[in-house]
Amino acid sequence: MIRDRLAWLSFPVLMGGFVALGAWGLARGFDPAGFGAALTVANFFAILAVEQVLPRNPAMNVFRDRQSWNDMGHGILLAALARPAGAR
């Protein structure tokens, strides 16, 4: 029962934490492009790790799910094609 609740809460807690961390970094004057990219990568790996430890659906595996691979490819493609803010 507790494990189910932790699994259910993991995504909103992680997302809220990363949003708060992003606001903190911007308030401290960190470069939004670099800091945002670093937070995005850290968020991805944190959620991936939690999903492996506390899956909401134990039968589902992130690495066998085609949509997960599509999401990862989409993120990598966007990061590779994105222009820096100053280059526009």
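Quick notes
- Of all residues in region 25-60, those satisfying the criterion of being within 17 Å of the chain's Cα centre (by Cα), more than 15 Å from Trp8 (Cα to Cα) and free of Cβ contacts under 8 Å to residues at least 12 places away in the same chain are Gly34, Ala38, Val41, Phe45.
Each row is one residue, and each column tells you yes or no for (1) under 19 Å from Ala7 (Cα atoms); (2) at pLDDT 80 or above.
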| site | (1), (2) |
| --- | --- |
| Gly34 | no, yes |
| Asn43 | yes, yes |
| Ala46 | yes, yes |
| Val53 | yes, yes |
| Phe63 | yes, no |
| Arg66 | no, yes |
| Asp71 | no, yes |
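The values are calculated or read from the model by the stated rules, or taken from the named source; none is laboratory data. Model, not experiment: these values are computed from the prediction. Heads up, the Cβs are rebuilt from the backbone with ideal geometry, glycines too, and the neighbour counts pull from every protein chain shown.
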